[in-house]
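Below is one structure, written out as structure tokens, with a few remarks after it.
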Amino acid sequence: MTPIKCYPPKPPRVYLFGTCLVDLFFPEAGLDAMRLLEREGIAVDFPEDQTCCGQPAYTSGYQDEARAVAAAQLDLFPEPWPIVVPSGSCGGMLRHHYPKLFAGTPLEAKANELAGRVFELTEFLVHVCHLELEDRGAPETVAMHTSCSARREMGLAETGPALLAQLGRVTLVEQARAAECCGFGGTFAVRHPEVSAAMVEDKSRAIEAAGAERFVTSDCGCLMNIAGRLAHRDSEVEGEHIASYLWRRVGQ
Amino acid sequence: MSVEPPGVQTFTPQAFHRQAHDALGNPQIRANFRSAMDGLMGKRREAFADWELEALRELGASVRLRALAQLPDLLERLEANCQANGIRVHWAEDGEAACRLIRELCEARGAKAVIKGKSMVTEEMHLNAHLETAGIEALESDLGEYLVQLNDQTPSHIIMPAIHLNTDEIADVMHDKTGIPRTRDVDAMTAAARAQLRERFMAADVGITGVNFAVAETGTLCLVENEGNGRMTTTVPPVHIAVTGIEKVVEQLRDVAPLYALLTRSATGQHATTYLNMISGPRQAGEQDGPEEVHLVLVDNGRSAIYQDDELLDTLRCIRCGACMNHCPVYTRVGGHSYGTTYPGPIGSILMPHLMGLEATKDLPTASSLCGACGEVCPVKIPIPALLTRLRREAVGEGRGNVPGAGSKRTRTEAAAWKAWQWLATHPGAWRGAAGVAGKLGPLTPSKLGPWSDHRVAPKPARHSLHALIKRHRSATDEEGQS
Amino acid sequence: MSARETILGRLRRRLDGPLTPPVSDFSVMSGRGWGREERLRRFEAWITSVHGEVIHTPRADWTRVLARVLADKGIRRLALGRAHPVAAEARAALAEAGVTLVDADRPVEAWWETLFHEVEAGLTSTAGGVAETGSLWLWPTPDEPRLLSLVPPIHIAVLDAEAVEDTLFEVMERHGWAAGMPTNALLISGPSKTADIEQTLAYGVHGPRELVVLLRH
Ligand code: SF4
């Protein structure tokens, strides 16, 4: 459910939690997120020792392993700065699941404190930075896929589209059943590959049918899944992380 | 415990993958479910348009929680008030005991023909098959259940049992099994079923139904329905046996109002069903109709075990509206039968492991992308994704160990893989090193990644990780700063 | 040990300990603030949306309207009670109307065949209406038994405009339902229906195919 969150004023410094998928497969998206924040005059700290939020193990039932990995992340953000995450799914893990994961352990207070200053990137750009964008790109028709974690767990159905709506030469179209899952679901895609494939096929067809030349998303899992499907059948439609897309269109 | 009737098409949770594969490859099934679920989702949305939905769901959740918090007391109160009203109350520890009990009630009346209203709990215990072995014929009277029974199948949805069949298929069933001239006309088929079933209501010795809400305060059994078959079943035969899970009790009569408002809108987007039938006793002296005997069978069948645990308890809030399946992207694609369980979809995946054990149902809690659509629409706010995650933990032996079959899914290979992952993710130097190696090997990594790449291009590790890119970005901006 | 004791024992010796019942806030269930006209408008809109038919009539005239409905629909056998004023007035008015009046105030076993195969409509009074859902509420009596509103193909229900209230919750509370429930209490919203054949609505599957509400003002 949409949490009622009081947003802080724009801070001078933030942490970036890059997420493991960004780190390994879409590093440009992480860098572009950093650039967007720096463009707002915010210094970005990227703790070197960060690895993964622990979600893959957590959702697979491997709670002890997830907790060990999560505990290692807890120490990396000692200053009271906001922690910006370019992913609704990892953001949701840090904000909503860390408190549960550490409940009743000595790290509970620390986890709660950390959870309270976690922001998903588009959320931070809209509600904290009040970002204003000037579009320098060519006219383009784009669809946004908001991840299920961003939409439902973080209550952020609006922030991605709100950013895209600021791009004067971008026509934002909505695909049919926009709120439906793309079928990634982390290890779900591995455990139930056929069901997942049926879901991503529908999602990719809906994006094409909406007339989009490109789709953007704020979650790399969905990006990998949908773009991977589109590429597999040689579709013209490409996918991009919203951070990279915004940076490309407005950055220097 | 389960006696499968001969000739019935059987699906099992163990065969989830195969059943899902078959359903995914069946364009008819895919189309039937997609269009039905799209329709139901739209209707639900409209039905709640002018409600303060969050406040109503909050109320629904609190009504159910309040009932569960006092469950043993309320069951005793329900029993006392039912008895005061002349309803006889029976208790059954499991499905087998309930079947036996119901059979004995039928036999005591010399019953040969039973007519049934819709009841998922009797599906859960395979009551019809059990009665059949005792020479008692049990006929379903809800049109969807009737069609499914004629077709030797089980329901594929808890509210719309025959949702997997389209008009043509139903026309065939009606023609082949009841001998009416083949017609695609829905009104004609409905009229034919009406005529066929009317005779059966009159001939039935016993009527068996489920219960939507059992009110402790007044000893009242509430049945929610559209067709009138529930009213027929509870009024025409001389005996009415109501069967319910022990969790269906509510404290007060007023509690029914919000649950009814939530149930009808969540299930089918209706403001009200045609009938809300509230029964508080058998026919009284001087009354002209209604059964001479009313029985209430309270069935545990695994529920008291779920009740022990604060987190799992939420499973018992369910009012069986089916909204979680209507909104589930997995259910929508594989349909109800693929799950191989009485309750399919998200509610089935959080309930059936308790009833059948995690070993048999191990593929159900993982058959979800955890997209959260189910939890978002559940009228009593059951945190379904959290419960799925909990069952995944139990399945691999990292939960509390209090679900049957806990740990049965743990394999040494998978556990070792997660341990290795844990080591890597808690050793940042090694992690960065591994990322670097992966990046260098990127072009060489296989373009086939198991089943993933049957449908998608496999992702390639980036040449430089974010760690590396940021390092470079930093030195570049530093240089800029110095110049 | 009996099943009862075993089950209750398990519930009482709960592993995670006793639970605290939450308090429920019922405020969303009432306080609609509709005026008389709005209330009736909603009642009519909802019940007609589910295929119910509403016919307005001045109170004094209602039996004439009833006779017309019977004539229009070609109903020649009407089952009804006797003691309730609705039944009594209808009987008086229809005495010469060429409609066979079938007595409903007798054990149903005495007239099974007539009820199931011959009666064309059942006439009942109602205790009231619910605007929010377009529903009628009925507490069947020995005079107007349960099957009267269920078995005949047409159900004609007589409702007084002032008996329509806003919500089911308010009806239950104001009329003190919990203090004494009848053997059977009913909420009826439209004629019997099903969507079990590919989501196509069909009426009259087991109960009446038509519901006519004579709304008396
Ligand atoms: S879990 Fe919730 S949504 Fe699913 S059937 Fe039960 S009450 Fe309805």
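The values are calculated or read from the model by the stated rules, or taken from the named source; none is laboratory data. No experiment lies behind these values; they were computed from the predicted model shown. Positions of Cβ are generated from backbone atoms using ideal geometry, with glycine treated the same way; all protein chains shown enter the neighbour counts.
Some observations on this one:
- Residue within the range B:251-274 that is in the same structural domain as B:R231 (by TED's automatic domain parsing), over 30 Å from C:G52 (Cα atoms) and either of a type outside the set (G, A, S) or more than 16 Å from the ligand (Cβ to nearest atom) (or both) present: yes
- Filtering A:A198, A:A189 for residues that are modelled with pLDDT under 95 and either at negative phi or outside any loop (DSSP other than H, G, I, E, B) (or both) leaves a single hit, A:A189.
- If you go through the range A:27-52 and keep only what is touching a residue at least 60 places away in the same chain (Cβ under 8 Å) and touching a strand residue (DSSP E or B) at 6+ places or on another chain (Cβ under 6 Å), you end up with A:A29, A:L37, A:I42.
- Residues that are of a type in the set (S, T, N, Q) and over 24 Å from the mean Cα position of the chain (by Cα) number at least 2 in the following helices (runs of 4 or more DSSP H) confined to the range B:71-157: B:71-84.
- Entry remark, the range C:1-49: residues being hydroxyl-bearing (S, T, Y), surrounded by 12 or more Cβ atoms within 10 Å (Cβ to Cβ) and at the interface with chain B (Cβ under 7 Å from one of its Cβ atoms) number 2 in total.
- All conditions in (1) in a loop (DSSP other than H, G, I, E, B); (2) more than 11 Å from chain B (Cβ to nearest Cβ) hold for A:R249, with the sole exception of (1).
- The single condition from (1) polar (S, T, N, Q); (2) near the ligand (Cβ under 10 Å from one of its atoms); (3) in the same structural domain as B:V243 (by TED's automatic domain parsing) that B:T315 fails is (3).
Rundown of residues vs (1) among the hydrophobic types (A, V, I, L, M, F, W, C); (2) within 10 Å of the ligand (Cβ to nearest atom); (3) surrounded by fewer than 24 Cβ atoms within 10 Å (Cβ to Cβ); (4) modelled with pLDDT of 95 or more, yes/no style:
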{"site": "B:N277", "(1), (2), (3), (4)": "no, no, no, yes"}
{"site": "B:E293", "(1), (2), (3), (4)": "no, no, yes, yes"}
{"site": "B:C324", "(1), (2), (3), (4)": "yes, yes, no, yes"}
{"site": "B:V330", "(1), (2), (3), (4)": "yes, no, no, yes"}
{"site": "B:H337", "(1), (2), (3), (4)": "no, no, yes, yes"}
{"site": "B:G340", "(1), (2), (3), (4)": "no, no, no, yes"}
{"site": "B:E359", "(1), (2), (3), (4)": "no, no, yes, yes"}
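- Those residues of the range C:114-123 which are in contact with a Leu (Cβ under 6 Å, 6 or more places away or on another chain) and within 13 Å of chain B (Cβ to nearest Cβ), in sequence order: C:G122
- Every residue from the range B:412-427 that is loosely packed, with under 14 Cβ neighbours inside 10 Å and either touching a Ser or Thr at 6+ places or on another chain (Cβ under 6 Å) or more than 20 Å from B:T366 (Cβ to Cβ) (or both): B:A420
- Qualifying residues in the range B:244-272 (those that are more than 8 Å from chain C (Cβ to nearest Cβ) and of a type in the set (K, R)) - the one farthest from B:C82 (Cα to Cα): B:R265
- Test result for B:A55, within 11 Å of chain C (Cβ to nearest Cβ), at pLDDT below 95, over 20 Å from the mean Cα position of the chain (by Cα) and part of a helix (DSSP H, G or I): no
To keep it simple, each residue is scored yes or no on (1) aliphatic (A, V, I, L, M); (2) buried (at least 24 other Cβ atoms within 10 Å of the Cβ).
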residue	(1), (2)
A:E153	no, yes
A:V173	yes, no
A:E194	no, no
A:A198	yes, no
A:E213	no, no
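- Residue in the range C:151-164 that is at pLDDT 95 or above, facing chain B (nearest Cβ under 7 Å) and buried (at least 21 other Cβ atoms within 10 Å of the Cβ) present: no
- Subset of the range B:231-252 [surrounded by fewer than 24 Cβ atoms within 10 Å (Cβ to Cβ) and without any contact (Cβ under 8 Å) to a residue 60 or more places away in the chain]: B:Q252
- A:S218 being at pLDDT below 95, of a type in the set (S, T, N, Q) and buried (at least 18 other Cβ atoms within 10 Å of the Cβ): yes
- Filtered residues of the range B:342-354 (kept if part of a helix (DSSP H, G or I) and within 12 Å of the ligand (Cβ to nearest atom)): B:G345, B:P346, B:I347, B:G348, B:S349, B:I350, B:L351
- All positions within the range B:75-105 that are of a type in the set (A, V, I, L, M) and within 10 Å of chain C (Cβ to nearest Cβ): B:L75, B:V89, B:A92, B:A97, B:A98, B:L101
- Hey, C:A202 part of a strand (DSSP E or B), surrounded by fewer than 24 Cβ atoms within 10 Å (Cβ to Cβ) and not basic (K, R) or not: yes
- Qualifying residue in the range B:6-14 (condition: modelled with pLDDT of 95 or more and in a helix (DSSP H, G or I)): yes
- If you go through the range B:364-411 and keep only what is crowded, with 22+ Cβ neighbours inside 10 Å, facing another protein chain (nearest Cβ under 8 Å), away from the ligand (no atom under 16 Å from the Cβ) and part of a loop (DSSP other than H, G, I, E, B), you end up with B:T366, B:S369, B:V396, B:E398, B:G399.
- Of the numbered criteria (1) more than 10 Å from chain C (Cβ to nearest Cβ); (2) part of a helix (DSSP H, G or I); (3) among the small types (G, A, S), the one B:A188 fails is (1).
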